[in-house]
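A quick write-up on the structure given underneath.
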Amino acid sequence: MNAITLDSLAAFPHQLEAHYAASPAAFKHWAPPSWDGVPSEALTAIEQVCHVRDIEIDGYHVRLRRTLAEDHPTLASIDTDALVKERDYGASDADAAFEAFRQARVQTLALLRGLNEEQFDRTAYFEGYGALTLRSLVHYLCSHDQQHLAGLQWLLGKIEALPMEERKQ
């Protein structure tokens, strides 16, 4: 696995926290009137954090383990909208979500750093993505991280586009 991807995965928890912190407190739960152009899922700032945590644990941990343990498994996609509702993301504590995510990412990196090239070549089929190797699955995880940084920046852009009186809530 290339170092830039692993380094990016390792840096992401700090980047996510910094991007979240850049959102004004009054806008952590704010949704724009339109999600047109959003580069991630249509999620508020707090929902972005909870989503990343749950996709790491319920998505990528499971996908990585199954790809390592099974012969060419089919890996499920996760219904983000259902998770938002089932787990009441809007009522979540950001500090707890960040702590759970940081711990999960440490586990992800420990697993990946312990693999050999043959293990990275193991194959699976990922709903919505198609055939892949474990190596490509890791790149998709890294891409997912970047989508959520972009989503938080997009939300900041929408906030900054509001009239001044609305931004000073």
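Given 10 °C and 1.306 mPa s, compute D for the range 82-169 with the Stokes-Einstein relation, Rh being the Kirkwood radius over Cα pairs; round to the nearest whole µm²/s.
Answer, rounded: 97 µm²/s.
Fewest first, what order do 4, 78 take by the number of other Cβ atoms within 10 Å?
4, 78
Anything in the chain that counts as a DSSP H helix reaching 18 Å or more along its axis (C-alpha) with Kyte-Doolittle mean of at least 0.0? List them, would you?
3-22, 94-113, 134-161
Find out how many positive minus negative residues lie around residue 68, taking Lys and Arg as positive, Asp and Glu as negative, among other residues whose Cβ is under 15 Å from that of residue 68.
Spelling it out: positives minus negatives among the neighbours equals +1.
Please list, by residue number, every one of the GluC sites (Glu not before Pro) in the range 124-169 that is coil in DSSP and has at most 14 other beta-carbon atoms within 10 Å.
Sites meeting the loop and neighbour criteria: 127.
Return 164, 1 ranked ascending by Cβ neighbour count within 10 Å, so the fewest neighbours appear first.
Fewest-to-most Cβ neighbours within 10 Å comes out as 164, 1.
Cut-off is 10 Å between beta-carbons; in what order do 70, 41 appear when sorted fewest neighbours first?
Arranged by neighbour count, lowest to highest, 70, 41 become 70, 41.
Give me the one-decimal nm value for the distance between modelled label points at residue 167 and residue 153, 7 Å along each residue's Cα-to-Cβ direction.
Placing both labels 7 Å beyond Cα along the Cβ direction yields 1.8 nm.
So if I take the centroid of the Cα atoms in the range 90-116 and the same for the range 151-169, what is the distance between those two points in Å?
Here the answer is 29 Å between Cα centres.
How much FRET efficiency would the formula 1/(1 + (r/R0)^6) give for residue 22 and residue 66, where r is the Cβ-Cβ distance and R0 is 41 Å, rounded to 0.05?
0.70
Note down the magnitude of the dipole of the chain about its Cα centre, charges +1 on Lys and Arg C-beta and -1 on Asp and Glu C-beta and zero elsewhere, to the nearest 20 debye.
260 debye
Take every Cα-Cα distance within the chain, group them into 10 Å bins from 0 onward, and report for each bin the whole-number percent of pairs it holds.
So the P(r) values, bin by bin, are 9, 37, 33, 15, 4, 1.
Let me have the 222 nm mean residue ellipticity of the chain computed from DSSP H runs of 4+ only, each contributing -39500 (n - 2.57), with the sum over all residues rounded to the nearest 500.
The helix-only estimate for the chain comes to -19000 deg cm²/dmol at 222 nm.
Assign one of three labels to the range 1-100, namely rounded, prolate or oblate, based on the Cα gyration tensor with a ≥ b ≥ c the square roots of its eigenvalues; rounded applies when a/c is under 1.5, prolate when it is not and a/b is larger than b/c, and oblate otherwise.
prolate
Values in this text are rule-based calculations from the coordinates and carry no lab data. Not measured: the values here are computed from a predicted model. Quick reminder, even Gly has a Cβ in these numbers, built from the backbone with ideal geometry, and neighbours come from all protein chains shown.
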